[in-house]
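The values are calculated or read from the model by the stated rules, or taken from the named source; none is laboratory data. Every value quoted in this text rests on a predicted model; they were computed, and no experiment measured them. Backbone-built Cβ (ideal geometry, glycine too); neighbour counts: all protein chains shown. Note: accessible area is taken over every heavy atom of the protein model, side chains too, but ligands, DNA and RNA are not part of it. Shrake-Rupley method; radii C 1.70, N 1.55, O 1.52, S 1.80 Å.
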Amino acid sequence: MQAIRALLLFSLLCIWPIMPVQAGSFIHGVFAGYETNIDTANTPMRRDGITAVRLWTDIAWSSFDPNEASFEQAVALKSLGYKVTLLLQTSAVPTYQQARAYFDWVQTVPGLKDAVDNWEILNELNNSQYWAGNAQQYVDNVLKAAWDSFHPAGEKVVGASTTAWQADSSGVYGWKTTYNQALVDAGYLNYVDYANVHPYTNTTDEMESWLAAIAPIYGSKPILATEFNFKRMNDWNEWADALKSVYPTIYSTLAGVFYYRLLQSGSEGGWPGLLTTDYQPQQPFYQTWKQLTRYQP
């Protein structure tokens, strides 16, 4: 009997390092597009340590359509035990009243309010493709309306993101924080539970430097990266190594990340994804993310 117990103890010690480690409240999530079959993706997602998913909904301020694919995805993911962040996205600048009416309505879609943990309000404001207004219009017309609607109902609000590549007041582009400061000056931090960034850079040094500049701007407000990755690299092993190298900074600076993206995609110049289009692990990214979801300093 003692020999059996010793063998069992040795076996546990051997497998302990590969068992999942609970990393507190840090969010290790992934972005899943409309094309994702949630039932098919569930098993490889769980094996990869993913506990949260970010979804995207294109909206129109005057259109109240409860039959959005992402609404169904949100309900399905919640039923499987995932935490759900739902992006509500349009480039159109509304009045406060228009935005408030939409946010009030979306919480009445059957099952959706219970499914969504975090409501993300617009995407990458410094990119004119995603937002036609300015920082002040976003805060006054959209974000305040979201806060006034969601917050009294006990819902969490994630502010709009910016990318790292921005123009300064002279129109000169670089790894800047110009738009982030403009948002704070406009009152952004008064109406969010989480600030938000998309720190796409070419190198680890660029990402670490940019995040170091962002942190004091957003102060004590927790920061999410609802999209997290580097700009595309030709050498996938080098890409995976960069993800590992920057993760200590990510973990110490942010409250959570959503890896971009779950499924391989040919759009935007091509993204390998954690999974191929037939839901098989895409290496080396799948194994890399599996390691990072277990990261602790």
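Taken over segment 114-163, the criterion of being under 20 Å from the mean Cα position of the chain (by Cα), under 14 Å from TYR191 (Cα atoms) and charged (D, E, K, R) is satisfied by GLU120, GLU155, LYS156.
For every residue, the table says whether it meets (1) at negative phi; (2) at pLDDT below 50; (3) surrounded by 13 or more Cβ atoms within 10 Å (Cβ to Cβ).
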residue: MET19; (1), (2), (3): yes, yes, no
residue: GLY24; (1), (2), (3): no, no, no
residue: ARG47; (1), (2), (3): yes, no, no
residue: ILE59; (1), (2), (3): yes, no, yes
residue: SER63; (1), (2), (3): yes, no, no
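In this structure, THR201 qualifies as open to solvent by less than 20 Å² (accessible area, probe 1.4 Å), among the hydroxyl-bearing types (Ser, Thr, Tyr) and more than 26 Å from ARG47 (Cα to Cα).
Residues in segment 251-273 that are open to solvent by less than 10 Å² (accessible area, probe 1.4 Å) and either of a type outside the set (A, V, I, L, M) or out of contact with any Gly (no Cβ under 9 Å at 6 or more places or on another chain) (or both): GLY256, PHE258, TYR259, PRO272, GLY273.
Return the residues of segment 171-192 that are closer than 18 Å to GLY133 by Cα, open to solvent by 50 Å² or more (accessible area, probe 1.4 Å) and touching a Ser or Thr at 6+ places or on another chain (Cβ under 8 Å); say none if nothing qualifies. The answer is THR178, and nothing else.
Looking at this structure, is ASN141 under 27 Å from ALA52 (Cα atoms) and of a type outside the set (A, V, I, L, M, F, W, C)? No. A Cβ distance below 6 Å, combined with a sequence gap of six or more or placement on separate chains, defines the contacts here; from segment 110-129, residues that are at positive phi reach residues that are part of a loop (DSSP other than H, G, I, E, B) and open to solvent by 10 Å² or more (accessible area, probe 1.4 Å) in the pairs GLU124/TYR130. When we screen TYR138, TYR96, TYR130 for residues that are open to solvent by less than 10 Å² (accessible area, probe 1.4 Å) and among the hydroxyl-bearing types (Ser, Thr, Tyr), the only hit is TYR138. Residues in segment 68-77: is at least one open to solvent by 60 Å² or more (accessible area, probe 1.4 Å) and under 14 Å from the mean Cα position of the chain (by Cα)? No, every residue in segment 68-77 fails to be open to solvent by 60 Å² or more (accessible area, probe 1.4 Å) and under 14 Å from the mean Cα position of the chain (by Cα). Here the condition is being closer than 22 Å to HIS28 by Cα, crowded, with 19+ Cβ neighbours inside 10 Å, touching a residue at least 60 places away in the same chain (Cβ under 8 Å) and β-branched (Val, Ile, Thr); of THR85, THR162, it holds for THR85 alone.
Checked against the criterion of being among the basic types (Lys, Arg) and under 21 Å from GLY49 (Cα atoms), the candidates ARG232, ARG261 yield just one match: ARG261.
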